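Heads up: the structure comes next, in structure tokens.
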Amino acid sequence: MAIYLHIPFCESKCIYCDFASFCNAENEKVRYLKSLNAEIDNSPYKGREIDTIYIGGGTPSCVKEEYIEELLSTLRKNFVFSNNIEISMECNPNSVNLEKLKKYRSLGLNRISFGVQSLHDALLKKIGRLHNGEIALQAIKMAQRAGFENINADLLIGLPNSTIEGIIDDAGKLIQAGITHISAYMLQVEEGAKLYALVKSGKIFLPTDDESVAQYEALVSFLEKKGFIRYEISNFAKGQHECRHNLKYWSGAEYLGFGLGAHSYVEGVRKANARTFEGYYKGEIFMEKLTPKESIEEMIMLGLRCRLGFSKAKLFKHGYKIENNINFKTYLSKGILTENGDRVHLNPSYYGTSNYIIANLLP
Ligand SMILES: C[S@@+](CC[C@H](N)C(=O)[O-])C[C@H]1O[C@@H](n2cnc3c(N)ncnc32)[C@H](O)[C@@H]1O
Ligand code: SF4
């Protein structure tokens, strides 16, 4: 089973971000830790074996190391950690130092994910980041010195004033610094983020969709030349460094989420915790049981966006015989989809148009 822990604190709010994260919430940190520990202690799934943990946010690296230590020890007390457990944590480059990273390593963390976004200083400033390019590269090198072999950098595609050359330059420098994984996300303009109003009022101009797609495609071919395998639309790994935790989400495996806004998926039921401190402390949750049609849609969608694909037999069990779908046959004959026994995969060259293809395969 997989576990997600949410740390909803940040040192400042980036203009594009609509995640459940708060700055100026220093006085919530103690109470939140207590509630998070209690939520883990009261889990009805205690005793299960855990093989991946993802500590995300927010910015988990902006709380003290002891905070993370306590959470991991509560998890160890309640769950069985498998021998080769993957423990990842999201960090902002400006909130780590060598000592902190060494401590994380000693706590059993073995995968670090840095929110780099870009290495261009003017651009980073514009989107409200607290680090510059050099600090991001230094953080990666420090993580290596602290003993991390599995290091991710998040990059954003389609940022204001971004260019193909700029993104390729960033990726090259990150690879040289020693990262083993890149998550490259297309910038989403979320209604709840500052960026939304700035774009609407014409104060910020973003690249067009075509320009963003061109940036993505150029990045894909650059990364592939450098030996990074695209195993999901936005995720690229060198060697064995795929994120096992994310692969679990995409394969429809069960996971438990603890903390404000965290989601769980167990026994076909999805549960989301409240996104506010007040709601979370009160224990407000939102439950959702997927209908067979929704489960089918999710299996196709998640499966085709990553290298895992989907299982025809599993779809059939939920009442959908995909072989009867006319587009399915066409896509197979054109090599857009490929079959490997029971599993169906999307040819990675079509990842860019996956939304359209997926829509044509739904029941
Ligand atoms: C939950 S954030 C946490 C990472 C960490 N706090 C940081 O920013 O360095 C994970 C990643 O989501 C991505 N992200 C956040 N908002 C986004 C948006 N509006 N569109 C696309 N990606 C976004 C960023 O690349 C970010 O690094
Ligand atoms: S992108 Fe990361 S640092 Fe910025 S506000 Fe969101 S969670 Fe916090």
>> Please count how many residues of the stretch 125-167 are buried (at least 20 other Cβ atoms within 10 Å of the Cβ) and more than 15 Å from ligand 1 (Cβ to nearest atom).
In response: 3
> For the stretch 132-169, what are the residues that are at pLDDT below 95 and within 27 Å of ARG244 (Cα to Cα)?
Replying inline: none
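Quick one: in the stretch 329-349, of everything that is in a strand (DSSP E or B) and of a type in the set (Val, Ile, Thr), which residue is surrounded by the most Cβ atoms within 10 Å (Cβ to Cβ)?
Among residues in the stretch 329-349 that are in a strand (DSSP E or B) and of a type in the set (Val, Ile, Thr), the one surrounded by the most Cβ atoms within 10 Å (Cβ to Cβ) is VAL344.
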> Going through the stretch 350-363 one residue at a time, which ones are modelled with pLDDT under 95 and not in a helix (DSSP H, G or I)?
Replying inline: PRO363
> Is it the case that GLU297 is of a type in the set (Asp, Glu), touching a residue at least 60 places away in the same chain (Cβ under 8 Å) and not in a strand (DSSP E or B)?
Replying inline: yes
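Here is a yes/no grid of residues against (1) closer than 23 Å to GLY268 by Cα; (2) hydroxyl-bearing (Ser, Thr, Tyr); (3) in contact (Cβ under 8 Å) with a residue 12 or more places away in the chain; (4) within 16 Å of ligand 1 (Cβ to nearest atom):
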residue: ALA2; (1), (2), (3), (4): yes, no, yes, no
residue: HIS6; (1), (2), (3), (4): yes, no, yes, yes
residue: LYS13; (1), (2), (3), (4): no, no, yes, yes
residue: ALA25; (1), (2), (3), (4): no, no, yes, yes
residue: LEU33; (1), (2), (3), (4): no, no, yes, no
residue: GLU39; (1), (2), (3), (4): yes, no, yes, no
residue: GLY56; (1), (2), (3), (4): no, no, yes, yes
> For TYR231, which of the numbered conditions (1) under 30 Å from LYS248 (Cβ atoms); (2) free of Cβ contacts under 8 Å to residues at least 24 places away in the same chain; (3) aromatic (Phe, Trp, Tyr) fails to hold?
Replying inline: (2)
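Please state which one of ARG270, ARG244 is in contact with a Lys or Arg (Cβ under 9 Å, 6 or more places away or on another chain) and in the same structural domain as LEU36 (by TED's automatic domain parsing). Break it down into steps so the answer makes sense when it comes.
Working: ARG270 fails: in the same structural domain as LEU36 (by TED's automatic domain parsing).
None of the other options fit; the residue is ARG244.
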> For the stretch 179-291, which fully contained strands (runs of 3 or more DSSP E) count at least 2 residues that are within 17 Å of the chain's Cα centre (by Cα), within 16 Å of ligand 1 (Cβ to nearest atom) and small (Gly, Ala, Ser)?
Replying inline: 181-186
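Taking the residues in the stretch 77-115 that are among the small types (Gly, Ala, Ser) and part of a helix (DSSP H, G or I) as candidates, determine which candidate is surrounded by the most Cβ atoms within 10 Å (Cβ to Cβ). Quick ask: steps written out before the conclusion?
As a first pass, look at the stretch 77-115 and keep what is among the small types (Gly, Ala, Ser): 82, 88, 95, 106, 108, 113, 115.
Restricting the remaining residues to those that are part of a helix (DSSP H, G or I) gives 95, 106.
On the way: SER95: 17, SER106: 12.
Across the stretch 77-115, the extreme among qualifying residues is SER95.
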> Applying the selection to the stretch 79-114, what residues are away from ligand 2 (no atom under 16 Å from the Cβ), in contact with a helix residue (DSSP H, G or I) (Cβ under 6 Å, 6 or more places away or on another chain) and closer than 12 Å to ILE53 by Cβ?
Replying inline: GLU86, LEU107
>> Exactly one of these conditions fails for ILE7: (1) within 16 Å of ligand 2 (Cβ to nearest atom); (2) of a type in the set (Val, Ile, Thr); (3) farther than 21 Å from LYS100 by Cα. Give me its number.
In response: (3)
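The values are calculated or read from the model by the stated rules, or taken from the named source; none is laboratory data. Remember, it's a predicted structure, so these values are computed and weren't measured experimentally. Note: ideal-geometry Cβ built from the backbone for every residue, glycine included; neighbour counts use all protein chains shown.
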